[in-house]
Amino acid sequence: MYNTIQEKPKQEKTKIRILLADDHKLIRVGLKSLFTKFEDMTVVSEAECGKDAVEKIKAQHPDVAILDLILGDITGIDVIKRISDESPDTKFIILTSHIKDSDVAESLKAGVNAYILKDINSENLVMIVRTINEGAIWIDPKAVTLLRNAQNLGVIPQKSTSRANFKAKHCNLTEREYEVLKLVVDGKSNLEIAKILNISEHTSKAHVCNIIQKLLVDDRTQAAVKAIKEGLV
């Protein structure tokens, strides 16, 4: 008589559940076609206007909601404001062709997790969705540059200080952490930082976590905003 060992069934990886909201059907079709190519992603719903997006997020609580800035009835920012308390685990991405200082600032105030321009390539977009789902923040480099130069937005008050003054206030940051922080301000992801500095992505992520703790902020966006506000860049 032979003893048989029953193999445990492999645990299926949880897919990232995505909602797409754009008033152009062609955009939604293209994004859905992109994400369905990947085994770890699934598009659970689509919305062609802001109010429809609000109702579907309430009902389905997607992991990631990708919203156009202009949705016909209300803006993607309005959607985030209306729904963030009712779906606290949903991560929000603004995907737009518009870049204005007021839009970027308002998005940050609303609690957006990523602000992306539509000229982004598909590979980077997929990477951003994955990192956003894990809790990262991503701001398009063009938007970060705009914020760096912005004045009187309410998010980054104008203040002219030197890098030396910043170092004096935050002397517990190492030189490597200053390098990483500068790249965070430039909108670089952990993977991009790792490649630029020739370090592992794990090390890059660890540096970013240390910076967030040392600057007494909640996430990488706030770290970047603080660095800009206090004159590091």
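Going by average Cβ density within 10 Å per residue, which order do the peptides 193-200, 104-111, 215-222, 60-67 take, highest to lowest? Mind showing how you got there, number by number?
Numbers: 193-200: 14.8, 104-111: 20.2, 215-222: 16.9, 60-67: 22.5.
Ranking the peptides 193-200, 104-111, 215-222, 60-67 by packing returns 60-67, 104-111, 215-222, 193-200.
Find the Cα radius of gyration of region 173-228, compare it with 2.2 N^0.38 Å by division, and give the number to two decimals. Mind showing how you got there, number by number?
Numbers: Rg = 9.8 Å, N = 56, 2.2 N^0.38 = 10.2 Å.
Cα-based Rg divided by the globular estimate yields 0.97.
Computed FRET efficiency, Cβ-Cβ of Ser122 and Thr14, R0 30 Å: what is it to the nearest 0.05?
Details: r = 23 Å, r/R0 = 0.75.
With R0 = 30 Å, the Cβ-Cβ based efficiency is 0.85.
Tally Lys/Arg at +1 and Asp/Glu at -1 over every other residue whose Cβ is under 13 Å from the Cβ of Ser97; what's the total?
Details: positive: Lys100, Lys118, Lys142; negative: Asp22, Asp23, Asp68, Asp103, Asp119, Asp140.
For residues surrounding Ser97, the net value is -3.
Every number in this text was worked out from the coordinates using simple rules, so none of it is lab data. Worth saying up front: this structure is predicted, and the values here are computed from it rather than measured. As a convention, Cβ positions derive from the backbone with ideal geometry for all residues, glycine included, and neighbour counts pool all protein chains shown.
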